[in-house]
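Just so you know, all these numbers are worked out from the coordinates, no wet-lab data involved. No experiment lies behind these values; they were computed from the predicted model shown. Glycine gets a Cβ as well: all are built from the backbone with ideal geometry, and neighbour counts include every protein chain shown.
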Amino acid sequence: KNIVIHSLCKAGDFDKALDLLRDNNGSCDFESDVVSYNTVIWGFCKHGLLEMGLGLVSEMVKRGVEFDNFTFNILMKGYCEKGMLRNAELVMEMLCGDANRDGGIRGDVVGFNTLIHGYCKDGKVSNGFQLMESMVRAGVLPDVVTYNTLIDSLCELGDFDSAKILMDELLECNDSRANDGEKRYSLVSGVGLQADNITYNSLIDWCGKKYRIEEALAMYKEMIAKGIDPDVVTYSSVINALLKSGRLAEAKSLFHEMVQEGVDPNHVTYSTFVDYFFKNRSAMVALSLQSQMVVRGIAFDNVVFTVLIDGLFKVGRARAAKDMFQNLLDSNGQPNQITYSALIDGLCKIGDMEGVESVLQQMKERNFQPNVVTYSSIINGYVKSGMLEAAINVMFDMVSHDVVPNAFTYSALIDGCFKAGTKDIAEGLFEDMKFRGVDEN
RNA sequence: GUUAUGUUUUUAGAAAA
C-alpha cells in the first residue's frame with residue numbers, strides 16, 4: 001500500500017493518494033501508518049505544496065498517528081525548498097530544545113544535513129558550518145553526508161581549496177593520531193568517517209567544469225587507488241568533462257571502461273554523448289545512440305528530450321525536432337522552461353515566428369514563465385527576421401514581466417538597431433545597458 | 001528471500017547574442 005501511495009505521490013496524483021491514505025473506498029486491509037502519512041507529506045512537499053503537507057500533519061494528530069524523525073525531516077526539507085530556512089531551523093530548535101528533553105523525538109543527523117544543505121544552496125556556507133557546530137552541541141555527530149554537502153557547496157562557490165582541506169579533515173578523522181587540535185572540525189566530528197564516491201564526485205565534477213581535466217583525472221585515479229568504486233555519476237561527470245574539452249577518444253574509452261566494470265550507463269551518460277555529437281555535426285551518431293537507449297530500455301527524461309530537440313534543430317532537422325516535442329507531450333513528459341526555450345530558439349532560427357508565438361502561448365498556459373534566455377532568443381529571432389519593431393515590443397513585454405535583460409538580450413537588440421540604421425536607438429540601448437550595470441562585451 | 005521490501009539529507013547531462 002505504501003509503495004502504491006509513493007508512486008501516486010511521485011506522479012502528483014494526490015486525489016488517489018489521499019483516497020488510499022484515508023481508505024475512502026473502504027477496501028483496503030492495511031491501516032495507514034506513519035510511513036503512509038510521511039509519504040504523502042513528502043509528495044506534497046516535492047510538488048511545492050507544503051501547506052497541504054502541513055494539513056496532513058494536523059490530520060495525523062487527530063487520528064493519533066505518531067510522528068517520527070522522517071516526518072520532521074520531510075517538513076524541514078519542505079521549508080528549505082520554499083526558501084523558508086528560518087522555519088526549518090525552528091523545527092530543529094524545537095526538536096533539540098529543553099522542552100523536548102525526554103521521550104520526544106530528537107533532531108537527527110539527516111535533519112541537520114537537510115538544514116545545512118538548505119543554507120548551502122542559498123549560498124550561506126558559513127551558516128552551514130555553524131549548524132555543524134550546533135549539531136555537535138546537540139550531541140549529533142556529523143557524518144559523511146554533512147561533509148559532502150559542505151564540500152560540494154564550497155566547490156560551487158569556487159572555493160576549491162577549502163573544499164579540499166575539508167576533505168583532508170574528513171580523511172584525518174579516521175586517523176586518530178591526526179587529532180591534535182589544530183584542525184577545527186575533525187575534533188568534533190567523531191571517528192570512522194571516510195571520503196566516499198560522492199565526496200570525490202563533487203570535486204571531480206567541479207574540476208571538470210573548470211576545464212581542469214588533469215586534476216579531475218588524477219582524483220578519479222586516486223579514488224580507485226583507495227578502493228572507492230566510481231559509480232555512474234563519476235563516469236558521467238568525467239565523460240562530460242572530456243567531451244566539453246573535445247576529448248572524444250578518451251570519453252569513449254571511459255564509456256567502455258564503465259561497462260566493463262559493470263556500471264551501466266544511464267540516461268545522463270547517454271544524453272551527454274548525444275549532446276556532444278549533435279553539437280559536433282555528427283547527427284548520425286547521435287541518433288544511433290538514441291536508438292541504442294531505446295533498445296536498452298533507458299527511459300527518456302526531460303533533459304534527454306531537450307537535448308534531442310535542441311540537437312535536431314541545430315543540425316537543421318526542424319521537422320524531426322518538432323515531432324520530438326510532440327513525442328514528449330504524448331508520452332506524458334513535462335516540458336520545462338528549458339525545453340520550451342530550446343524549442344522556441346529552434347523555431348526562431350528557422351524564422352518561424354508565428355510558431356514561436358503559439359508555443360509561447362502554450363508555455364504560459366502551462367504556467368511556465370519565459371525567462372531571460374527565452375526572451376533573448378525571441379528578440380534575436382525577430383531581429384534576424386528583420387522585424388525590429390516586434391523585437392522591441394518583446395523587450396518591453398519582458399521588462400513588464402520583471403525579467404531583467406542581460407548582455408545577450410542587449411547585444412541582439414543593438415545588433416538589430418544597427419542593421420536597421422537606427423544608430424541613435426542602438427546607442428540609447430547601450431547607455432541603458434551600462435546604466436543597469438550589465439557587462440559590456 | 002526475514003539482519004526482507006516502502007517514506008527523509010549530499011554528487012553527473014539540456015536552452016539565447
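Placing pseudo-labels 7 Å out from each Cα toward the beta carbon at A:Arg212 and A:Cys28 gives an inter-label distance of 5.0 nm.
Between the helical axis of A:248-260 and the longest alpha-carbon principal axis of chain A there is an angle of about 40 degrees. Spin-label model, A:Ile338/A:Asp19: points 7 Å from Cα along the beta carbon direction are separated by 3.5 nm. Against chain A, whose longest principal axis comes from its Cα atoms, helix A:197-209 is set at around 20 degrees.
Using the Cβ of A:Ile350 as centre and a radius below 13 Å, the other residues enclosed give a net charge of +3, where K and R count +1 and D and E count -1. The packing ranking, built from the mean of other Cβ atoms within 10 Å per residue, places the peptides A:41-47, A:11-17, A:86-92 in the order A:41-47, A:86-92, A:11-17, highest first. Averaging the Cα positions of each part gives two centres, and for the stretch A:189-259 and the stretch A:264-290 these lie 20 Å apart. Once both labels are positioned 7 Å from their Cα atoms along Cα-to-Cβ, the gap between A:Asn87 and A:Asp161 label points is 4.0 nm. Length available on full extension from A:Ala318 to A:Ser331: 0.36 nm per residue minus the Cα-Cα distance, which gives 2.7 nm. Of the cross-linked pairs A:Lys121/A:Lys221; A:Lys82/A:Lys164; A:Lys209/A:Lys384; A:Lys46/A:Lys124, those separated by over 26 Å at the C-alpha level are A:Lys121/A:Lys221; A:Lys82/A:Lys164; A:Lys209/A:Lys384. Under the shape rule built on the C-alpha gyration tensor, where the axes satisfy a ≥ b ≥ c, chain A is prolate, since a/c reaches at least 1.5 and a/b is greater than b/c. When each of the peptides A:203-216, A:327-340 is scored by how many other beta carbons lie within 10 Å of its residues on average, the order from highest to lowest is A:203-216, A:327-340. Overall, chain A carries a charge dipole of about 960 debye about its Cα centre when +1 sits on the Cβ of Lys and Arg and -1 on the Cβ of Asp and Glu, all other atoms neutral. Computed extension length for A:Ala249-A:Val399: 49.4 nm, one decimal, from 0.36 nm per residue of separation with the Cα-Cα distance subtracted. If the segment from A:Val4 to A:Ile224 were pulled out straight at 0.36 nm per residue, it would be longer than the present Cα-Cα gap by 75.3 nm. Compared with the dominant principal axis of the Cα atoms in chain A, helix A:232-244 is inclined by about 30°. Spatial offset of the stretch A:363-395 relative to the stretch A:331-359 amounts to 11 Å, using the alpha carbon center of each.
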